[in-house]
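One structure below.
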Amino acid sequence: MTAVLLLPTTVGAQPIQKIMGHYENDSINSEGVTVGQSGTRSLAIMLEPDELEIYQGGKITAIRVGLSEATEISRMFLIPVTADDKYGERTDFECSMNAAGWNVLELPEPYEINLGEGEKLLVGFYYQQAAGIDPLSFVKLGKAYNTYTYTKIGTTVRWKEVNTADYGNLSIQCVVEKDSYPDYRITASNLRTVSAIQQGEMLPFAIDIHNRGIKQIEAGGLELDVMVDGQPVANVTNEEPFENGYCTVLANIPTDGLASGSHVLSVTLSAVDGIALEEPITQEVEFFSYRDSYPRQKHLVEQLTSTYCTYCPLGNSMLSILTSQRDDIIWVGIHGNLGSGVDPFRSNQADSIMVYMTGGSISYPSGAFDRSTGWNDDVNIVNGLGYYEEYHQLVADYLGEFFDYISEANPTFAEIKADCSFNETTRMATVKVHGKISPDFDLMVGEDAKLTVYLTEDGLVARQLNAGVWIPDYVHNGVFRMALGSVMGEPLNKETETQYKNVYRFNVPNGWDWTKLNVVAFISRPLSNYVNGFTDMAVNNADVFKFSISDAVEEIETDPDAVPVGYYDIMGRQYDNPQRGINIVKMSDGSTRKVLVK
């Protein structure tokens, strides 16, 4: 929400020129963007009523477009838009400009701004988009707005919003002359803080303040009242002066005494330069408070790959750079068939994992990174990995920064330890995953959160297609072999409020080298299909373990009164009752059994 404040007006002896746009300074982004295909394209910004208010009665004398890279600009235009989104008469200005930087068109006759109540103004231009250039400048300043383009939708041609707010604001502005402008025209927006804070730590926040008026506001000119859940906790001000009409106020406030759970941070701008506001401007944002958290142990990379994928070695090369730079990465290679090619490491469980993570639109090579969105796709948890070799170091570095961000922004609410033993005589393996858990685990991660345990194997040799050529003795590491229990994961078996333990016992198939096996355990939101839009499966913690030798047949610590609490097939589908065939049975004491039902 953006609030507005108008304060005393400065009157000039001569008309005063002022920039009108989504931002009002000379910034241009040197790193350009391409929006749409090659050819003659149109782009525009929609100036909202609150942006236009102080310019009413003024005259547009020039329009200017900022380009990151030179390209031909052939026309600029203005279109009023009514409150019910009806487009008015269009005013066009032919031109021929092609400079990197600001391209300024002096209008042959000024355009008077006399808009009705609630009316908006579309300001745009036509330009030439050629292959290989990124001419459009977007600047991250103030509130970010989307842009518009004129395009065919169905059978009609109309203006359509283009989602570019992540880039910032398009560099197109008007020069407006007017006899007077207010000293202050204040908006507050984009209050932000961390999503979760440990009780007793200082809560950081930031809020953007914008003055479209013409008076400079110095350091200490703002008075802001800070509240949590309606209770006053601090008064802060701006430590830096406004620059080009913008200021970001940064502060930290105490969280002592907050209960675990959701809270509301409110920041109210109450005065400017000592003038109390009759209608203070308030922004609010939600955050969570929790008691205990734990260090993040490792990050999980689930790579979707195939021996028949000719580009998959590119993904392997990039991930090899990433794992050589960091010791906190678990790399799991989940194999599947491609076309008519049968991958030797494909399994029903592997198929199931890939389908659940992608909805069936499986692409090789690709991968999930802590099952989080936000790397290069904010909708899916799986992102492509088929980058050419010259980009591998760049992508590996970017992924490293992404994992650092995950560690910093997402507290961990359970630790992961495991005791893994293998009996060479019986080939029986036992895995006990256990650790401390925060009392706020259900609150912060979710009552439906799951523990998932993968078994992977290193040093497997099989041919691999690479750039159209088969490599006969390619070494595959971290190959997914099986999930212990269900691929969907299982609830943490909580022995106390602060401890959990899940137990798995299974026979290692002949031909699997137990010395090269890895136990990958991770705690996450539940693996779910596209119903949730692939956005709610994030991994909260992960680690990897090796087996040690056990000469004795180990007795599993089981509860004699344990009863079945869940039935799964080998693909991880859960049932209310046993099904014909192999059933993975989850017991009430946390152990897992494999049962054949005839």
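How many percent of the alpha carbon pairs in the chain exceed a separation of 41 Å?
Values: 76030 of 178503 pairs.
Considering the chain, 43 percent of its Cα-Cα pairs are separated by more than 41 Å.
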Q) Taking a spot 7 Å from the Cα of residue 284 along the direction of its beta carbon, which residues of the range 230-266 have an amide N less than 15 Å from it? A) 230-232, 262-266
Q: Provide the FRET efficiency to the nearest 0.05 for the residue 218-residue 100 pair, computing r from the beta carbons and using R0 = 30 Å.
A: 0.30
Q) In the range 120-138, which residues have a backbone nitrogen under 20 Å from the label point lying 7 Å from residue 70's Cα in the Cα-to-Cβ direction? A) 126-138
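Provide the percentage of antiparallel DSSP beta bridges, counting only those with both residues in the chain; round to the nearest 5.
Numbers: 163 of 178 bridges.
Once the DSSP bridges in the chain are tallied, antiparallel ones form about 90 percent.
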Q | More than 16 Å apart - percent of Cα-Cα pairs taken over the range 70-163 | A | 67 percent
Q: Using 0.36 nm per residue of separation minus the Cα-Cα distance, give me the extension gain between residue 361 and residue 163 in nm, one decimal.
A: 68.9 nm
Q.
What translational diffusion coefficient, to the nearest whole µm²/s, does the range 160-291 have by Stokes-Einstein, given a Kirkwood radius computed over alpha-carbon pairs, a temperature of 10 °C and 1.306 mPa s viscosity?
A. 96 µm²/s
Q: Figure the gain on full extension for residue 448 and residue 14 (residue separation times 0.36 nm, minus the Cα-Cα span) and round it to one decimal in nm.
A: 149.5 nm
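If you take the beta carbon distance between residue 84 and residue 516 as r and set R0 to 51 Å, what does 1/(1 + (r/R0)^6) give as a FRET efficiency, to the nearest 0.05?
Efficiency at R0 = 51 Å is approximately 0.15.
Taking the mean number of other Cβ atoms within 10 Å as a proxy for protection, how do you rank 132-141, 401-410, 466-475 from highest to lowest?
132-141, 401-410, 466-475
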Q) Against the longest principal axis of the chain, how steep is helix 392-409, in degrees 0 to 90 to the nearest 10, with axes from Cα atoms? A) 90 degrees
Q) Among 112-120, 40-48, how do they line up from the highest to the lowest mean number of other beta-carbon atoms within 10 Å? A) 40-48, 112-120
Q: Determine the order of 311, 127 by accessible area, beginning with the largest, at a probe radius of 1.4 Å.
A: 311, 127
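Under the 0.36 nm per residue contour assumption, what length would be gained going from the current alpha-carbon distance of residue 180 and residue 408 to full extension? Intermediate values should be presented prior to the final figure.
Values: separation 228, 0.36 × 228 = 82.08 nm, distance 4.78 nm.
Gain in length upon complete extension: 77.3 nm.
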Q: Tell me, for the chain, which Cys residues have no other cysteine's C-beta sitting closer than 4.7 Å.
A: 95, 174, 247, 420
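Packing-wise, with mean Cβ within 10 Å as the measure, how do 157-166, 374-383, 358-367 rank, highest first?
The packing order, highest mean first, is 358-367, 374-383, 157-166.
What is the Cα convex hull volume of the range 220-306 when expressed per residue in Å³?
Details: hull volume 17.8 nm³, N = 87.
With only Cα atoms used, the range 220-306 gives 204 Å³ per residue.
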(Q) If I fit a long axis through the Cα atoms of helix 348-358 and take the longest principal axis of the Cα atoms of the chain, what angle between them do I get, 0 to 90°, rounded to 10? (A) 10 degrees
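For the range 90-131, what is the Kirkwood estimate of the hydrodynamic radius, computed as the reciprocal of the mean inverse distance between distinct Cα atoms, to one decimal in Å? Spell out each step's value before the answer.
Details: mean 1/r = 0.0752 Å⁻¹.
After inverting the pairwise mean of 1/r, the radius is 13.3 Å.
The values are calculated or read from the model by the stated rules, or taken from the named source; none is laboratory data. Predicted model only: the values in this text are computed from it and were never measured. Counting neighbours? That spans all protein chains shown, and the Cβs are built from the backbone with ideal geometry, glycine included. When the accessible area is computed, the model is the full protein with side chains, heavy atoms only, and any ligands, DNA or RNA have been set aside. Shrake-Rupley method; radii C 1.70, N 1.55, O 1.52, S 1.80 Å.
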